[in-house]
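Taking it in order: structure first as structure tokens, then the write-up.
Read-outs: derived from the displayed coordinates by stated rules, not from any lab. From a predicted model like this one, the values you see are computed outputs, not experimental measurements. Using ideal geometry, Cβ is built from the backbone for each residue, glycine included, and neighbour counts are taken over all protein chains shown.
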Amino acid sequence: MKFQWEAIYETGIDKIDEQHKTFFKLVRELNDANRMDSPADISSVFEQLVDYAKHHFFTEEEILKEYSYPYFDEHKLEHIRFTQKVKELHEKFSDGHDNFLPNEVLSFLKMWLMEHIQGTDMDYVPHLKNEMNI
Ligand SMILES: [Fe+2]
């Protein structure tokens with residue numbers, strides 16, 4: 001999986017799509033840092049991923065709240081779980097003696113892309129587009 005942005009990932013809501021593109025970029029950087037065997041870089045990208053999640057989820061939740069998305073609570077719960085898991089994986093990496101990123105990390109991010117970005121996020125698109133008149 002290349003983690004390249006494609007039209008199928010588009011929500012059509014510019015602010016969200018721009019931020020989702022950053023997610024792809026960070027995963028590619030994480031993969032590169034792993035291939036270069038650079039623990040310092042892996043750690044730094046991990047931190048950026050935690051910051052990204054905080055910022056992106058805040059933006060998304062503000063939009064969902066503003067347009068009274070009926071499944072807001074369930075959606076937010078997935079965001080909370082993601083943030084916890086990324087933090088946990090980062091800690092695990094920082095504590096480990098292995099310089100390589102465990103496969104678990106990339107498969108978790110891939111799963112997030114398929115289940116959340118392509119799944120749960122797409123579920124709010126019709127509601128938002130309708131409310132936003134776009
Ligand atoms: Fe989301």
Subject >> Flagged links, alpha-carbon separation over 26 Å, of Lys15/Lys85; Lys65/Lys129; Lys15/Lys92; Lys54/Lys92; Lys87/Lys129; Lys85/Lys129 >> reply: Lys15/Lys92; Lys87/Lys129; Lys85/Lys129
Original post:
In the calculated pair distance distribution of the chain, what percentage of Cα-Cα distances lie above 23 Å?
Top reply: 34 percent
**OP:** Rounded to whole Hz and in sequence order, give me ³J(HN,Hα) for the stretch 125-134 from the Karplus expression 6.51 cos²θ - 1.76 cosθ + 1.60, θ = phi - 60°, writing x for Gly and Pro.
**Re:** 4, x, 4, 5, 4, 5, 5, 8, 6, 10
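Note down the relative contact order for the stretch 7-132 as a percent, whole number, built from C-alpha pairs under 8 angstrom at least six residues apart.
34 percent
Which peptide among 85-91, 128-134 comes first, and what is the full order, when sorted by highest mean count of other Cβ atoms within 10 Å? Spell out each step's value before the answer.
Details: 85-91: 15.7, 128-134: 11.7.
By packing density, highest mean first, the sequence is 85-91, 128-134.
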Original post:
What does the charge dipole of the chain about its Cα centre add up to, to the nearest 20 debye, if the Cβ of each Lys and Arg holds +1 and the Cβ of each Asp and Glu holds -1?
Top reply: 180 debye
Original post:
Between the helical axis of 14-35 and the dominant principal axis of the chain, each derived from Cα atoms, what acute angle in degrees is found, rounded to the nearest 10?
Top reply: 10 degrees
**OP:** Would you calculate a helix-derived [θ] at 222 nm for the chain, using -39,500 (n - 2.57) for each DSSP H run of n ≥ 4 and dividing by the full residue count, to the nearest 500?
**Re:** -24500 deg cm²/dmol
